[in-house]
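Participant: Please find one structure pasted underneath; my questions will follow.
The values are calculated or read from the model by the stated rules, or taken from the named source; none is laboratory data. All figures in this text were calculated on a predicted structure; none of them were measured in a lab. Neighbour counts run over all protein chains shown; Cβ positions are idealised from the backbone, glycine included.
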């Protein structure tokens, strides 16, 4: 029997496979999992699909395929998009009152703003994006450190860049 970490990894693999492939039945999914090194029975897969609340939905061709619940699907897409965008986007941030301006590489601002709005930290009321700039509207009485802290949860490079900016001003 696999340990709990093996089960967690298997569940993550199932979610990623369902997001990245059109899979119509358990046999196909078992085949993909086997190719990824997971050995399990159809009964275990059935339990995993139930735990993940996977359902079937019609595709464009009319055939049914597995889909994740909307919240999980959006969360996975958001995290994946955020990681890729942050790695490529080159973000810096500056503050003025209850506003913050994030500079990104050209074309990345919209995706970053979407990710911030989707993750909806309470400290940020909303965003407005251009091509390479995101305007963040902060809630009343929210400090710069609070904003950096919540954003650094999914934009780790922000802390270093904010520290570098402060050091250059001295």
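Participant: State all residues of the range 97-110 that are surrounded by fewer than 19 Cβ atoms within 10 Å (Cβ to Cβ) and either farther than 16 Å from residue 146 by Cβ or within 19 Å of the chain's Cα centre (by Cα) (or both); if no residue qualifies, say none. Before the answer, list the steps.
Facilitator: Let us first name the residues in the range 97-110 that are surrounded by fewer than 19 Cβ atoms within 10 Å (Cβ to Cβ), namely 97-99, 101, 103, 105-107, 110.
101, 103, 105, 106, 107, 110 - these are the residues of the range 97-110 that are surrounded by fewer than 19 Cβ atoms within 10 Å (Cβ to Cβ) and either farther than 16 Å from residue 146 by Cβ or within 19 Å of the chain's Cα centre (by Cα) (or both).
Participant: Could you please find all residues in the range 25-57 being under 23 Å from the mean Cα position of the chain (by Cα) and assigned to a loop (DSSP other than H, G, I, E, B)?
Facilitator: If the condition is that a residue be under 23 Å from the mean Cα position of the chain (by Cα) and assigned to a loop (DSSP other than H, G, I, E, B), then 36, 52, 53, 54 are the ones that fit.
Participant: Here is a follow-up. Kindly provide the set of residues from the range 58-71 that are surrounded by fewer than 14 Cβ atoms within 10 Å (Cβ to Cβ), part of a loop (DSSP other than H, G, I, E, B) and touching a strand residue (DSSP E or B) at 6+ places or on another chain (Cβ under 9 Å), ordered by number.
Facilitator: If the condition is that a residue be surrounded by fewer than 14 Cβ atoms within 10 Å (Cβ to Cβ), part of a loop (DSSP other than H, G, I, E, B) and touching a strand residue (DSSP E or B) at 6+ places or on another chain (Cβ under 9 Å), then 59, 69 are the ones that fit.
Participant: Just one of the numbered conditions (1) touching a helix residue (DSSP H, G or I) at 6+ places or on another chain (Cβ under 7 Å); (2) at pLDDT 60 or above is not true of residue 86; which one?
Facilitator: It is condition (2) that residue 86 fails.
Participant: I'd like to verify a number: residues in the range 4-24 that are part of a helix (DSSP H, G or I) and in contact with a strand residue (DSSP E or B) (Cβ under 7 Å, 6 or more places away or on another chain), how many?
Facilitator: Taking the range 4-24 first, the residues part of a helix (DSSP H, G or I) are 4-20.
Checking the rest, the ones that are also in contact with a strand residue (DSSP E or B) (Cβ under 7 Å, 6 or more places away or on another chain) come to 18.
Total satisfying the criteria: 1.
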